[in-house]
Amino acid sequence: MEKFGRSQPVTRIEDQRFLTGEGRYVDDIVPEGALVAHVLRAPMAHGWIETLDVSAAREAEGVHAVLTAADLEAVGLDLRMQAVRVPNRDGTKGAATERLLLARDRVRFVGEPVAMIVAETRQQARDAAELVELEIEELPAKLDLAPGGEPLHENAPDNRAFDWALGDAAATEAAFETAAHVVRLEVGDNRVIVNSLEPRGAYAEWVDGRVHVAINGQGVWSQKAALVQALRLPEDAVRVTNPDVGGGFGMKGAPYPEYPVLAHAARVTERPVHWMAERTESMLSDHAGRDLVTTAELAFDADLRITAYRVHTLSNLGAYNSNFGQIIQSTLFSKVLTGVYDIPAAWLHVEGIYTNTTQVDAYRGAGRPEAIYVLERAMDRAARELGVDPWELRRRNFIPKEKFPYTTPSGETYDVGDFHRLLDRVERECDRAGFPARREESAARGRLRGLGLCYYIESILGDPSEGAKVTFEEDGTVSLFVGTQSNGQGHETVYAQFLSDQTGIPVERIRVVQGDSDLIAQGGGTGGSRSVTVQNTATLGAVEKMVAAFTPYLAGKMDVPEAEIRFDDDTFRAPGSNRTPSLLEAAEMARADGRSDLLTHEARTKLPGRSFPNGAHAAEVEIDPDTGRVRVLRYTVVDDFGNLINPLLAEGQVHGGVAQGIGQALCERTVFDEDGQLLTATFMDYAMPRADDLPMYDFTSEPVPSVNNVLGMKGCGEAGTVGALAAVANAVQDAVWEAGVRQADMPFTPHRMWDMLRHAHAAE
C-alpha cells in the first residue's frame with residue numbers, strides 16, 4: 001500500500017440519517033416497557049448524611065425500586081470507583097480518595113448521587129424523590145485553589161491531591177539566575193461546562209443472565225471494566241454498546257456512577273431501566289473542565305532566545321480523584337510543555353487541589369489547551385515587555401527544521417515540523433500587513449482593535465495501538481469493525497472512505513461497526529485526537545493481511561504464479577492473465593468454494609511514536625469601550641495535520657474547535673456561590689457561543705507528513721480549541737494595551753471588559 005488515501009473532501013455519509021431524524025441515539029432505542037430512573041442528588045456541597053429514609057418513596061405510585069448505597073452494599077456490589085494516583089515530587093503517591101457509586105456517609109459536591117428511584121414514568125420517579133427524607137449536617141465548602149481549608153478527605157488533610165513536577169529544576173533555576181531578562185505572568189483558565197448536544201444517558205437490560213448497558217459514551221471498554229468491577233460479574237456477562245452519540249468532548253469518556261446503579265436496578269426490577277439526564281442535572285453532575293491558576297516565567301538571554309521556562313499550576317480537581325482528572329492536569333500538560341520553542345531547560349509543577357465544586361475535573365480538549373494557553377500568553381507578554389514584535393520573538397525561538405527529530409526538556413520527541421513555514425503562511429493569509437489600516441479605521445469609530453497570535457502544538461494521546469476487522473457479508477456488503485467511537489466527528493465517512501481508497505470496494509457497500517463490546521474484542525475508544533490516525537493504520541494492516549491471504553488463492557483461480565500477482569488498490573492483476581478480480585469478486589469466489597477463512601481479516605497495529613499536529617491561529621478583535629463588547633471579526637488558521645484523509649471533515653473539526661475556544665474566551669464561565677451552589681446551572685445563566693459571536697473562518701492546510709505512522713497523519717480533533725484560547729486572548733490584550741490594561745483574563749464578557757477599561761482609565 002504505497003498511498004495513504006485519495007484525500008477527497010467527501011461529505012458525511014451519516015448526515016443523511018441525522019438530518020432526517022433517523023439517528024439512533026439512546027432515547028431512540030430504549031426497549032419497550034422500560035422503566036425510568038431518576039437520580040436523587042445532594043442539594044448542598046459538603047456535609048454528613050444524618051438521615052436518608054426512602055421508605056415513603058418506595059411506597060409511592062408507580063415506583064418499582066429505590067436504591068441507596070446501603071442497598072448496593074447489602075447485595076455485594078463494589079461501590080468503589082476507579083481512580084488514578086499521580087506521584088508526588090518526593091516519590092510518594094498522591095492522595096487515595098474513596099469515591100462511591102452513591103454517597104454513603106458524606107456528600108462533597110452539589111449534585112452528588114445519593115439514591116436512584118425507578119418508576120413506570122419519569123414524573124412518578126421525580127414525585128417519589130420528593131418523598132425521600134434526606135437530612136445533611138452541612139460542613140463548610142472548600143472552593144479556593146489553595147492548600148488548606150475544610151478537609152474533604154481524611155487522607156488529604158490539606159486538600160492537596162498531589163504535588164507533581166516534571167523537568168530539570170536545577171538547570172532551570174541556573175538559567176533564571178543568569179538570564180538577561182525574566183518575564184513573569186499569572187493567568188487564570190476559567191472553568192467550562194461541556195454541554196454536549198445530547199446529555200448523558202443510558203439504558204440497561206438483562207437477558208439470559210447477561211446485562212446489556214447502552215451508553216452514549218466515547219468507547220465501550222472502560223465502561224465495561226467499571227461495570228464488571230461494580231457488579232462483580234465475569235467479563236462475558238457484560239455487554240456495553242455505544243449507539244449514535246450527540247457529542248462527547250472527552251466528558252463522556254470516563255465511567256460514571258449512574259451506569260452500574262442502572263444495571264443493578266434492571267436486575268432487581270427484572271425490567272429494562274432507562275435514565276437520561278436533564279440539562280441542569282448534567283451541568284451539576286458531568287465532569288467539568290479547566291479551572292486553573294498558573295504562574296509562568298520565561299528566561300531570555302541578551303539575544304532574546306529563551307533559555308528556560310518555569311510553570312506552577314494550581315489545578316481544581318473537584319471532590320475526587322478520577323481516572324482522568326489527575327492525569328489531564330499533569331502528565332498530559334507536560335506533552336506540550338515547551339510548545340514549538342527551542343528551550344534548553346524547563347520545570348513544570350502542578351498542585352491538584354480538592355474542592356466542593358464537581359465530582360471530578362475532566363476536560364474539554366484537555367491538557368493541550370491549558371499548556372498552550374499559558375505559554376502563548378507568556379510569549380505575548382514577553383514581547384510587550386521586551387519591546388519586540390511578538391511574531392519575530394516566536395520566529396527567533398522556534399525549533400529549527402533541521403533539529404527534528406527534537407526531544408523536549410519533558411522527554412517528548414517531536415518527529416517533524418516546519419514552524420517558520422506555517423507562520424509565514426498565516427501572516428499572509430490573515431493580511432497582517434493590512435492590520436494597521438484596519439486598526440486606524442476602528443479607532444476612527446471609537447473602537448479598539450487587536451491582533452492576536454497563537455502557535456500551538458499538540459500530540460496524539462491515548463493508546464497508540466488499535467485493531468480493525470473486515471468481514472465480507474453474504475449480501476455482498478463489507479463490515480468494518482473499529483475500536484474507536486464516533487461522537488460527532490464523522491468516523492463512518494472517513495473510515496469507509498479510507499477502506500474504499502485502499503481496496504476499491506465502493507463506499508456504499510461498506511458498513512462501519514463501532515461501539516459494541518460483543519462484536520469488538522478490544523479498542524481504545526475516542527479521545528486525544530487519536531481516532532483517525534490509529535484506526536486507519538489498523539485498517540491498513542487488515543487490508544495488507546487481506547491481500548496477502550487472497551493472493552495464493554487467486555493464483556490458482558487465475559492460473560499464474562503467486563509471485564506475479566499484484567493488487568493495485570482496485571483489482572488483482574498478473575501478466576499473462578486476462579482476469580482482474582476485485583476484492584468483492586474474490587470474496588464471492590471464496591464463499592462459493594467454501595473458503596470461509598478468506599471472508600474475515602483483522603489486524604492490530606501500534607504506532608511507533610506519537611505525531612504532533614501544530615499550527616498558527618491569528619484572531620482579530622474589535623472592542624466597544626462604551627459597552628465592553630468584544631467581537632471577533634477575522635479568524636485565520638493554518639494547520640499542519642500531516643496528510644489528510646478527508647479535508648472537508650478536518651476543516652469541520654477545526655471550525656467546531658475554534659467555536660468552542662471562542663466560547664470560552666468570550667462568554668463561558670462556571671460560577672459557584674460561597675456555599676458551593678452552582679449559579680450557572682441553566683442556559684439562562686451559562687452563556688454558550690451563538691452564531692453572531694463567531695466570524696467566518698479562513699482555514700489552510702500546510703502539511704508536513706508525520707514519520708511516526710505510515711499514513712503521514714497527525715490528527716486534528718482538538719486543534720481548533722488548542723489554538724483559539726490564546727489567539728483570542730492575545731488579540732484582546734493587544735487591543736486594550738494602549739488603553740492601559742496590563743492584565744486581561746478570560747472570559748472577556750462585556751461587563752468584565754468594561755470594568756477593565758474603566759479601572760485602567762481611572763488609574764491614569
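The values are calculated or read from the model by the stated rules, or taken from the named source; none is laboratory data. Source: prediction; values computed, not measured. Because the Cβ atoms are built from the backbone with ideal geometry, glycine has one as well, and the counts that use them run over all protein chains shown. Please note that ligands, DNA and RNA were not included when accessible areas were found on the heavy atoms of the full protein model with its side chains. Shrake-Rupley method; radii C 1.70, N 1.55, O 1.52, S 1.80 Å.
Per-structure values
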item: Compactness of region 453-595 - radius of gyration and Dmax, Cα, Å; result: 17.4, 63
item: Computed helical MRE - 222 nm, the chain, DSSP H runs ≥ 4 contributing -39500 (n - 2.57), nearest 500; result: -9000 deg cm²/dmol
item: Over region 584-675: Rg over Rh, Cα atoms, Kirkwood Rh; result: 1.31
item: Order by protection proxy (mean Cβ within 10 Å, highest first), peptides 489-496, 392-399, 180-187; result: 489-496, 392-399, 180-187
item: Qualifying lysines (Cα of each under 22 Å from Cα of K403; at least 8 residues distant if same chain); result: K335, K714
item: Charge sum, other residues only, whose C-beta stays under 12 Å from E205's C-beta, Lys/Arg counted +1 and Asp/Glu -1; result: +1
item: Too-long pairs where the Cα-Cα distance tops 23 Å, listed order kept, from K545/K606; K252/K606; K224/K469; result: K252/K606
item: Using θ = phi - 60° and Karplus 6.51 cos²θ - 1.76 cosθ + 1.60, couplings along region 617-626 (whole Hz; Gly, Pro as x); result: 10, 10, 10, 10, 10, 10, 10, 8, x, 6
item: For region 524-661, projected area of the alpha-carbon convex hull averaged over all directions, nm²; result: 12.9 nm²
item: Accessible area (Å², per residue) of the chain, counting only protein heavy atoms and a probe of 1.4 Å; result: 37 Å²
item: Geometric extent, Cα atoms of region 1-99 - Rg, Dmax (angstrom); result: 24.1, 69
item: Three-way shape call for the chain based on the alpha-carbon gyration tensor, with the a/c threshold at 1.5; result: oblate
item: Accessible-area value, Y406, 1.4 Å probe, nucleic acids and ligands omitted, Å²; result: 20 Å²
item: Rounded percent of accessible protein surface that carbon and sulfur make up, the chain, 1.4 Å probe; result: 49 percent
item: Beta bridges per DSSP with both ends in the chain, % antiparallel, nearest 5; result: 80 percent
item: Kirkwood-Stokes translational diffusion coefficient of region 466-528, alpha-carbon pairs, 25 °C, 0.890 mPa s, µm²/s; result: 204 µm²/s
